[in-house]
Amino acid sequence: MRDRIYRSIKIGVFFLGLSLLAGCRRVPEPKTVLLPEEETEQGVALEGEEGDLYAVRKMYNEDYETLWYGGYTAFLPGTREHQVRLAENGTDGVRVRSLDYRYGFYDPGLFPVGEIMAASGVLASWEKGTADERNMETEFFSPDGKYLLYARMDLSLIGGRLYLMDLESGEEELLLDGDGGDTKMEFPMDEYMILTAWSRDASLLCYGFYPRYSSVWDSSRGEKFILYFRDMKTGKIVNRLNYYYAGAKGKPKNLEETRVYVDWDGQKIITAIVSELQGGEDSNTEDAEQAIIDFFPQEIPEPGMETEGVVMPNAARCPKDAKLYLDAEGDCLYFSAEGEGIISLALPDGPYLNTMPIGPARGIRDFCVLDGGKAFVVAEYDRDHMGDMGPQDICLYTRPDEDDAADEEEPVMTRRVLYQNAGYVIRLQYDPVYRRLLAETGVPDKITTEKYSEASTGYFSESRVQWESGRRALVLEF
């Protein structure tokens, strides 16, 4: 990697509680930081039409190495313009750094370097290969790279534990204790797993225990089926959700592929729990490729008025490998459907609104919704490509004006290629505050991916993907 223009702070943070062995903490050394006066040529300037909100003005990219094989490692902070955070290889393991990409991904020292020890229980637990680690892999870091969320199985006698760490302060907090803790309610790890979800801006964290098997659901009390919602700004629980009425009917015996999504607008919370439909001899081919979405719209109660009452969900179907995008402000849920495009679903009533056609030959790796559904950024690939997914392009789809689309049952989308042959896109992240897009790309590790896929039900499971150490962070500014 190229030499940094200036390295201002040498900081290491050793975290207590991550290992049974020991840990320590080093205090950051304050120092004045001077940025270069001029931007380097690494920022490629592009021309766009005047008044075009979605023209890419500049793009930046950086290659880096990481030990974090199972999840996201590049993040947009949201509150800092021209900054990106990378979880990359450090002297003792993985470190999280905040970089100014205008100056060749220069380290201004504004974000303390978090050294996550390679010998800690977090990294060591991956080798166990349990379902909990696989389900948690894409949720370790918050979307802004400020927090680390992880499960520990080695410190429990009965159930797993979920921890949250603030990487700026090094403070660690226990969120869930499967052994019961103060609640005296036990969640044995062979019966329950931990589900987590972040809102896109990392301001809300959803977490809780979830049954591994439908038989556990049928034999358990409803008071165990609780998801918690934490406001990350205040650190307070703003609401709880009892999802018991979602039920296990029509779902497979093994529920370990269940995943949860969450979004909020400060007044209401939208939660979506996605589960496979039951497959087998008694089900048809269409059901075997489908999943059910149980979504729960909830108003945020006044402080002290939170409840754990059972909430009846609304339900819809989607392809079981679909990408989901929740928009609480727009009361809408979007999901991808191979061969069709992006389908929008109105909340809370659940009628299907529109299908944004992408093209039958194009597969969708990931997508972002811009400006309430006026535009979509899609990482797409050629579905007819032989072998692996092949090269992926990052494309922008814009909808016509309302007057032009009034007579159209299905909107005609305008397609524009923003970045051609971006590689294998791990995730797209959009920052509406500073109107920029981050694409993290990498190469799937074929050995571990094929091993997990062969052990699955015969389809590509996102939670089982492992990545090689080489990554690229690509930033596009609109």
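Taking 0.36 nm per residue of separation and subtracting the Cα-Cα distance, what length does fully extending Met305 through Asp321 add?
Separation in residues times 0.36 nm, less the Cα-Cα distance, equals 2.0 nm.
What spacing in nm lies between the two simple spin-label points modelled at Glu340 and Glu186, each 7 Å away from Cα in the Cβ direction?
Between Glu340 and Glu186, the simple spin-label model gives 4.5 nm.
Hey, can you grab everything whose amide H is under 5 Å from the amide H of Lys323? Only 5+ residues off in sequence or another chain; H modelled, so Pro and N-termini drop out.
Ser336
What length, rounded to one decimal in nm, is gained on full extension from Asp371 through to Glu329, with 0.36 nm per residue of separation minus their alpha-carbon distance?
Length difference between fully extended and current span is 14.1 nm.
So who's got an amide H within less than 5 Å of the one on Ile426, skipping anything under 5 residues away but keeping other chains? H placed 1.01 Å off N, in plane.
Here the answer is Glu440, Thr441, Gly442, since their amide H atoms fall under 5 Å of that of Ile426.
So if R0 is 30 Å, what FRET efficiency would Leu174 and Glu65 give, r being the distance between their Cβ atoms, rounded to the nearest 0.05?
0.45
Taking 0.36 nm per residue of sequence separation and subtracting the Cα-Cα distance, how much length would be gained by fully extending the chain between Asp445 and Asp231, in nm to one decimal?
Length gained between Asp445 and Asp231: 73.5 nm.
What distance in nm separates the two pseudo spin-label positions at Arg416 and Glu81, each 7 Å out from Cα along the beta-carbon direction?
Each label point lies 7 Å from its Cα, and together they span 2.2 nm.
Work out the FRET efficiency for Asp52 and Asn314 from their Cβ-Cβ distance, taking R0 = 35 Å, and round it to the nearest 0.05.
0.40
Values quoted throughout were computed directly from the atomic coordinates according to the rules given, and no laboratory measurement underlies them. For clarity, every value in this text was computed on a predicted model and none was experimentally measured. So basically every Cβ, Gly included, is an ideal-geometry build from the backbone, and we count neighbours across all protein chains shown.
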